[in-house]
Amino acid sequence: MSVLRKPSVLPGFGLTLGFTLTYLSLIVLLPLAALALKAAGLGWSGFWDAVLTPRVLAAFKVSFGLSLAAAAVNAVFGFIVAWVLVRYRFPGDRIVDALVDLPFALPTAVAGIALSALYAPNGWIGSLLMEWFGLRVAFTPLGIAIALTFIGLPFVVRTVQPILQDLPPEEEEAAAALGATRWQAFRRVVFPALLPALLTGFALSFARGVGEYGSVIFIAGNIPGLSEILPLLIVIKLEQYDYAGAAAVGVLMLMASFVLLLALNLLQAWMRSRHAR
Amino acid sequence: MSFRDRLSALRANRLSVGRLSALAAGVALAMLTIAPAKAQTTLLNVSYDPTREFYVEFNKAFAKKWQAENGQTVTVKQSHGGSGKQARSVIDGLDADVVTLALAYDIDAIADSGALPKTWQTRLPNNSSPYTSTIVFLVRKGNPKQIKDWDDLLKPGVQVITPNPKTSGGARWNYLAAWAYSLEKNGNDEAKAKQFVADLFKNVPVLDSGARGSTVTFTQRQLGDVLLAWENEAFLSLQEFGADKFDIVVPSLSILAEPPVTVVDSVVDRKGTRKAAEAYLNFLYTPEAQEIAAKNFYRPRLPEVAARYADRFPNVKLVTIDGSFGGWRTAQEKHFADGGVFDQIYQKGR
């Protein structure tokens, strides 16, 4: 009996599963439960009263809208970066590859300060944009979008890259042998295989953007109803010692993110099954 | 260096680390056995951001005095951050022996959690505020926009930099100072005061979350024509960036900012540090400490010290939070709570 069982690196399924569940409970579920519990102090009507104010809804639009926009930008340009890194060799490609991870490693507040210095009306890029296009970047919603794009980039590159690397060249060769142009081969063969990974990267980048505080707070104008993000509202509520209200906004963010991520996951699963057919 | 050399160096290093820790353990053991409770006391002072330099100097003076009087070494650890955030840390269990925060409201919140009596502000002289400050304007050198008083902040084309009163204790002083000015000018007309601060905040392009953030926006990002700042922060900016870049403008009326201090009873009683903690705060009121405060740009309470720094701190008509606003709890509730006056001025069509 035991001979037939597939040997596993980790000993004992029961033991490892038990560990997994305990670990996840301690690290993920318990803190989230504590958050929900704090918010529960308000009761249902209190929860909606705390959350359905014009100010929270405006911040909701800013946080989720700009995170989606930033994730979309990252999906396009992250894809190109991943493509270049995998398909071409050029001097310094290793360095470029390492650069992609920088937004991961940099403390977000440092990123925020650097970005706002750069895009401020007197900054290197900000002054040029102001002069050429009359465009204000720092302290506007556009600045928030730029910060969210910055911190979300590695997610797309790092999810697409390995899949692209492992893509069997035979499939493309077969397509070429059957008379497909390069564009057709890309559109019909390569892209569908990469789409689930791209979606994962998009979802991760989006989720990160929604929760981002440190880098945004310095470049956003933080004007109520205009450039105020949800995490800032949580900080504002905490500053008034309104723990329950802060938790309520947190729970709202969590619910919205969960629904969106679930939808993306289902879409992804559906696409995988279609591609595997 | 060859690999082998490196390895042996590493080994030697590890050995010395091992020896060192053995030595440290030995010393610790020796200290435990020879010197009972008396040798050392540690206090934690939980404060807000701009007091860092002041307390470094003050702690040194206090340790010296305590050593001389009690033959005991006292180490004061400092924790700095936004005032409200610091208060929340104490509520959530940070072992602060004393708190020295930006506004009484934050200590009230700690009192509400039961860590200290609600009457804490009567325990020390001067509302438990050993030093004060006020709100002044920092403008660019030469004052190109001719900003002299609060009215000038409402002019079209003038950009005012202030942090968000919802997230920054310091910003609440700014806002209330403007409010008090308008009340004084318009014979206590509340509607006019509301319009006044609404117009003022229309000229605010960025609401940073903290006072230091606003200082950076104004001084380094070169944004805005005037920064509403604590007097001590304004002086620090002059010191930091050079008096050739900025001028300080003192308005005709401002608010007396009283950063309060108190002992956290639940902590000192548990740790047995009450005596040292109380001595620490009382020392703030002595001429020696008042001198250090004045050097660090806080207005001293002792008249004889204040007299020595009279040219640094010009006389200005100052209203108080208790006199004009009925205390922090009332002011907070009316102006800064959800749906309060500050929220209202941002709701009607911007």
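The values are calculated or read from the model by the stated rules, or taken from the named source; none is laboratory data. Here the structure is a predicted model, which is why all the values come from computation and not from measurement. With ideal geometry, Cβ positions are generated from the backbone for all residues, glycine too; neighbour counts draw on all protein chains shown. Please note that ligands, DNA and RNA were not included when accessible areas were found on the heavy atoms of the full protein model with its side chains. Shrake-Rupley method; radii C 1.70, N 1.55, O 1.52, S 1.80 Å.
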Normalised by the number of residues in chain A, what is the relative contact order in percent for Cα pairs under 8 Å and 6+ residues apart?
30 percent
Can you find, among B:226, A:63, A:13, the residue farthest towards the positive end of the dipole of the protein assembly as shown? Put +1 on the C-beta of Lys and Arg, -1 on that of Asp and Glu.
A:13
Solvent exposure ordering (accessible area, 1.4 Å, most first) of B:328, A:270
A:270, B:328
Residue-normalised value, i.e. accessible area per residue, for the stretch B:193-350 at 1.4 Å probe, in Å², stands at 39 Å²
Can you pull out the trypsin sites (Lys or Arg not before Pro) in the stretch B:235-330 whose DSSP state is coil and whose Cβ has at most 14 other Cβ atoms within 10 Å?
B:245, B:312
For residue A:221, list long-range residues whose amide hydrogen, built 1.01 Å from N in the peptide plane, is under 5 Å from its own amide hydrogen.
A:139, A:140
Apply the Karplus curve 6.51 cos²θ - 1.76 cosθ + 1.60, θ = phi - 60°, to the phi angles in the stretch A:34-41 and return the couplings in whole Hz, x for Gly and Pro.
4, 4, 4, 5, 4, 5, 4, x
Quickly estimate the mean residue ellipticity at 222 nm for chain A, helices only: each DSSP H run with n ≥ 4 gives -39500 (n - 2.57), and the total goes over all residues, rounded to 500.
-24500 deg cm²/dmol
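Would you mind giving the total buried accessible surface between chains B and A, with a 1.4 Å probe and ligands, DNA and RNA left out, rounded to the nearest 100 Å²? It would help to have the intermediate numbers written out before the result.
Values: alone 16500 and 16560 Å², together 30800 Å².
Interface between B and A: roughly 2300 Å².
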Could you give each residue of the stretch A:155-168 its phi-based ³J(HN,Hα) in whole Hz, using Karplus coefficients 6.51, -1.76, 1.60 with θ = phi - 60°, and x for Gly or Pro?
4, 5, 4, 6, 8, 7, 3, x, 5, 5, 4, 8, 5, x
Using +1 at the C-beta of Lys and Arg and -1 at the C-beta of Asp and Glu, which of B:331, B:42, B:237 has the Cα lying farthest in the positive direction of the dipole of chain B?
B:42
Once the whole set of protein chains is in place, how much accessible area is left on residue A:171, using a 1.4 Å probe, in Å² to the nearest 10?
90 Å²
Can you pull a Stokes-Einstein diffusion coefficient for chain B at 4 °C (1.567 mPa s), Rh from Kirkwood over Cα pairs, as a whole number of µm²/s?
58 µm²/s
Angle between the Cα long axis of helix B:169-185 and the longest principal axis of chain B, 0 to 90 degrees, nearest 10?
30 degrees
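Which percent of the accessible area of the stretch A:147-277 is formed by carbon and sulfur heavy atoms (probe 1.4 angstrom)? Before the final figure, lay out the partial values.
On the way: 3960 of 5880 Å².
Answer for the stretch A:147-277: carbon and sulfur cover 67 percent of the accessible area.
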In Å, what is the Rg of the alpha-carbon atoms in the stretch A:1-151, and how long is Dmax?
23.5, 77
With n ≥ 4 as the cut-off for DSSP H runs, can you work out [θ] at 222 nm for chain B, using -39500 (n - 2.57) per run divided by the number of residues, rounded to the nearest 500?
-14500 deg cm²/dmol
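Among the DSSP beta bridges whose two residues both lie in the protein assembly as shown, what percent are antiparallel, rounded to the nearest 5? Provide the component values of the computation, followed by the final result.
Numbers: 16 of 33 bridges.
Of the beta bridges lying entirely in the protein assembly as shown, close to 50 percent run antiparallel.
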Using the heavy atoms of the protein chains alone and a 1.4 angstrom probe, what is the accessible area of the stretch A:93-177 per residue in square angstrom?
52 Å²
Note down the accessible area of residue A:173, probe 1.4 Å, to the nearest 10 Å².
120 Å²
Any idea of residue A:243's accessible area? Nearest 10 Å², probe 1.4 Å.
60 Å²
Return the percentage of antiparallel bridges among DSSP beta bridges fully within chain B, rounded to the nearest 5 %.
50 percent
Residues of the stretch A:109-146 losing 40 Å² or more of accessible area relative to the isolated chain, 1.4 Å probe, heavy atoms only?
A:122, A:139
Sulfur and carbon atoms: percent of accessible area, chain B [1.4 Å]:
56 percent
Run the numbers on the stretch A:214-239: which residues show a drop of 30 Å² or more in accessible area, chain on its own versus all protein chains together, using a 1.4 Å probe over heavy atoms?
A:222, A:223, A:224, A:236, A:238, A:239
